[in-house]
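Following: one structure in structure tokens, then a few remarks.
Just so it is clear, none of the values below were taken in a lab; they were calculated from the coordinates. A quick note: this is a predicted structure, and the numbers were derived from the prediction, not measured. Backbone-built Cβ (ideal geometry, glycine too); neighbour counts: all protein chains shown.
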Amino acid sequence: MSKKSKRKRIPLYVQILAGMIVGVVIGIVALQSNGAQFIRDWIYPWGQVFIRLLQLIAIPLVFISLIKGITGLKNISAVSRMGGRTIVIYLSTTVVAVLLGLSMGLLVEPGELVDKTQFAHIQEEYQSFAEEKKHIAEEKEELGPLSFLNDIIPNNIFSAAGDNSRMLQVIFFALFFGLAALSINPAKIKPVVVLFDGLNDIILRMVDYIIYLAPYGVAALMAGLITDFEGDISIFSALGVYALTVIVSLLMLIFGFYPLLIRIFTKIKPRKFLKSIYPAQLFAFTTSSSAATLPVTMDVVEKKLGISQETASFVLPVGVTINMDGTSCYQAIAVVFIAQVLGIDLSVMQLLFIVTLTVLSSIGTPGIPGGSFVILTMVLTSVGIPAEGLALIIGIDRPLDMLRTAVNVTGDTVTAAIVDKA
Ligand code: ASP
């Protein structure tokens, strides 16, 4: 058996976890043998390469997948009533999910569990980012209450696309472009749609390759972090509480928020609803991919919930592209957690910015395992938090990814049930 196929047999999440452990061990060994500088010079930069690759792919990914997603709604005029309702429900449930995540992150404060004496040291590490962030925030305050419009509407798409912290502007352009494309006779723009389809496949393959490097990247980043934290293990208890916060929040969506919506807006009993969609949730949980789960989701929704094929075949594929409640809720907690660990205070402005950006960027998140890593690097950079902070959470991401994917799929089925009933 070749080496490559052997490596392929070990699931990626196990490899990432192994990478994390190897990184921690390397970090501890380096600390004990005065090798911290060696790690900084020769190991950590490889982790940064991994983060840079994630950042590199973010703008093309969001841009292309958004346009593909919108032009895919080709029959939106035929089903405009259903289309409008679907999108309103998708966006509002996502906003609720983000707000829940943000509140949980701010309430539980998992990042504050990191040993305070380490804070000064870490803050110093990330001083330049914090300074820059402060500077940007101050500038914004001087500009007046509507200055956020400038953050959304670019005056030049090339300069917007040339700056990772201006993702919102790229999203704006992509939405505008996609909506304009929708209003044109499909036959006329067919080549463009085919082009974006192909581009989307290529970009997703690039994401695959980058994620394939994750075990090595995580090992290098972890080694660097351990030397940065000088072996402080309070980070691990903080990580445990962070994971619990994510899990509890996601369960609140599945067992609290969604059943409530089902009870209010449909005639289905919440218990029956959860029982019926259970196979799709389980499939999503095991594959960590809402896109791969789509056929199962369609099946249970039609056969077990009795939702019309017309509704299911419109609402669910759209949902896979644009509706990611679990992912958005998780991202809000992740951003807050990383900011807390790095000792960065988030202003109200920044929190609002996180809500907007998370809601909109969830539209561009691919429904694949670890799909939100790429988006998370962008959200972090946009609010002035160093993207390297991702290293803190990436090692234990897989179980959280499984759960949030199950939530993503549940959100789609809830919307299908509500739209079908109307
Ligand atoms: N794995 C998720 C999904 O497929 C995306 C993510 O949050 O990474 O829905």
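Across the Cα atoms of region 208-299, what radius of gyration and what greatest pairwise Cα-Cα distance (Dmax) are found, in Å?
My reading of the Cα-based Rg and Dmax gives 19.2, 57 Å.
Calculate the all-directions average of the projected area of region 284-422's alpha-carbon convex hull, and give it in nm².
Approximately 8.3 nm², given one-decimal rounding.
Please list log₁₀ I(q)/I(0) at q = 0.20, 0.29 Å⁻¹ for region 271-314, using the Debye equation with identical point scatterers on the alpha-carbon positions.
The Debye formula, applied to the Cα set alone, gives -0.58, -1.01.
Over its Cα atoms, what ratio of radius of gyration to 2.2 N^0.38 Å does the chain give?
0.98
Which order do the peptides 237-245, 383-391, 100-108 come out in when sorted by mean C-beta neighbours inside 10 angstrom, highest first?
Listed from highest to lowest mean packing, they are 383-391, 100-108, 237-245.
Rounded to the nearest 0.05, what FRET efficiency do Lys421 and Glu109 have when you use their Cβ-Cβ distance and R0 = 35 Å?
0.30
Before anything else, pin down the relative contact order of the chain: Cα pairs under 8 Å, at least 6 apart, normalised by residue count, whole percent.
This gives 33 percent for the chain.
How large are Rg and Dmax for region 370-422 when only the alpha carbon atoms are used, in Å?
Using the Cα atoms of region 370-422, the pair Rg, Dmax is 15.2, 46 Å.
Considering the options Leu54, Ser382, Ala36, tell which one lies farthest towards the positive end of the dipole of the chain, charges being +1 on Lys and Arg and -1 on Asp and Glu at the Cβ, about the Cα centre.
Going by the Cα projections, it comes out as Leu54.
Which value, in nm² and rounded to one decimal, describes the direction-averaged projected area of the C-alpha convex hull of region 151-307?
Average projection, Cα convex hull of region 151-307: 14.9 nm².
Please give the contour-minus-distance gain from Val88 to Asp345: 0.36 nm per residue of separation, less the Cα-Cα distance, rounded to one decimal in nm.
89.3 nm
Given charges of +1 on the Cβ of Lys and Arg and -1 on the Cβ of Asp and Glu, with all other atoms neutral, how large is the dipole of region 254-379 about its Cα centre, in debye to the nearest 20?
660
Calculated FRET efficiency, Leu352 and Glu310, Cβ-Cβ r, R0 35 Å, to nearest 0.05?
The pair Leu352/Glu310 has a calculated efficiency of 0.40.
Could you sort out which of Lys68/Lys304; Lys68/Lys421; Lys68/Lys272 sit more than 32 Å apart by Cα distance in this structure?
Too far apart for the 32 Å limit: Lys68/Lys272.
Hull surface divided by four, with the convex hull built on the Cα atoms of region 242-354: how many nm²?
8.4
Short version: ³J(HN,Hα) in whole Hz for each residue of region 401-406, in order, from phi by Karplus 6.51 cos²θ - 1.76 cosθ + 1.60 (θ = phi - 60°), x for Gly and Pro, what are they?
Coupling constants for region 401-406: 4, 4, 5, 5, 5, 4 Hz.
What list of ³J(HN,Hα) values in whole Hz, one per residue of region 11-25 in order, does the Karplus curve 6.51 cos²θ - 1.76 cosθ + 1.60 (θ = phi - 60°) give from phi, with Gly and Pro shown as x?
My calculation for region 11-25 gives x, 4, 5, 5, 4, 5, 4, 4, x, 5, 5, 4, x, 4, 4 Hz in order.
Please give the charge dipole size of the chain, origin at the Cα centre, charges +1 on K and R Cβ atoms and -1 on D and E Cβ atoms. Round to the nearest 20 debye.
2260
Could I have the simple spin-label model distance between Ser237 and Ile152, label points 7 Å from Cα toward Cβ, reported in nm to one decimal?
Label at Ser237, label at Ile152, 4.3 nm between them.
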